[in-house]
Amino acid sequence: AYLSERYAVQRYANGQLFINAFDKHATPIPDLVITDLMMPGASGFDVIKWMNANPSFTDLPVMVISAVDHYTPRQSIIDLGVYDFLPKPFFPEELIVKVQRLFRLGDTRSRARQHLRNEDKIRHNKYPEGLRKEVERIIQPNLSEDEFSVEDIARQVYLSKRHLNRLLKAECGMSVKE
């Protein structure tokens with residue numbers, strides 16, 4: 001009731017109804033999920049685990065509102081990747097502030113993902129023959145150099161070592177060392 005004045009809210013009587021609605025892809029994916037831990041049928045834990053197992057939901061922020069206020073359940077939900085926890089009873093103003101913060105966080109993450117996609121497009125355009133060919137071009141003249149390393153290659157293509165390996169793995173199924 002507190003959020004429906006500000007946002008489009010979909011409600012489900014229990015976790016199983018939520019899972020069923022999205023398992024069939026009949027319902028658009030929401031921007032945020034707020035769940036209780038103790039529900040009939042599938043619990044909030046079940047909902048969160050289901051979301052973590054489904055790629056469409058892995059980046060979706062989840063908030064738990066629950067009367068369970070013991071350390072162990074809180075630690076368990078944090079371990080599952082829940083973004084926020086609000087114990088019952090709660091103040092409506094606190095719920096609204098937390099939801100607004102999660103939406104701002106989601107906007108920031110979306111912008112960051114878009115920025116990374118744009119960087120990848122720029123890099124792809126920079127190396128039209130592919131990153132693999134560029135790495136091979138860099139390695140060839142340095143094969144006899146004992147001190148030449150993956151870090152040197154990454155530096156020359158303006159990527160971190162980790163990002164270089166990830167992009168090469170995606171492009172040709174091999175890491176730099178392979």
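The values are calculated or read from the model by the stated rules, or taken from the named source; none is laboratory data. What you see is a predicted model; the values in this text were computed from it and never measured. Note that each Cβ is placed from the backbone with ideal geometry, even for glycine, and that neighbours are counted across all protein chains shown. Accessible surface areas use protein heavy atoms only, side chains included; no ligands, DNA or RNA. Shrake-Rupley method; radii C 1.70, N 1.55, O 1.52, S 1.80 Å.
General observations
- Cα-based convex hull volume of the chain per residue, rounded to whole Å³: 173 Å³
- Test item: Cα-centred dipole of the chain, Lys/Arg +1 and Asp/Glu -1 on Cβ, debye: 380 debye
- Two-decimal Rg to Rh for segment 127-178 - Kirkwood Rh, Cα set: 0.93
- For Asp107, the solvent-accessible surface computed with a 1.4 Å probe is close to 90 Å², ligands and nucleic acids excluded.
- Once backbone amide H atoms are built at 1.01 Å from N, Leu86 has Val64, Ile65, Ser66 as its partners under 5 Å, excluding neighbours fewer than 5 places away on the same chain.
- Looking at the chain, the accessible area is 66 square angstrom per residue; that uses a 1.4 Å probe and ignores ligands, DNA and RNA.
- In the context of the full protein assembly, Leu168 retains an accessible surface of approximately 10 Å², using a probe radius of 1.4 Å and ignoring ligands and nucleic acids.
- Listed residues Glu171, Glu5 arranged by accessible area, highest first, probe 1.4 Å: Glu5, Glu171
- Across the chain, the mean sequence separation of Cα contacts (distance under 8 Å, 6 or more residues apart), normalised by length, yields a relative contact order of 14 percent.
- Cα shape, segment 1-95, gyration tensor, a/c 1.5 rule: oblate
- Segment 1-32 and segment 134-178: distance between their alpha carbon centers, rounded to Å: 45 Å
- Carbon plus sulfur fraction of accessible area for the chain, probe 1.4 Å, in percent: 53 percent
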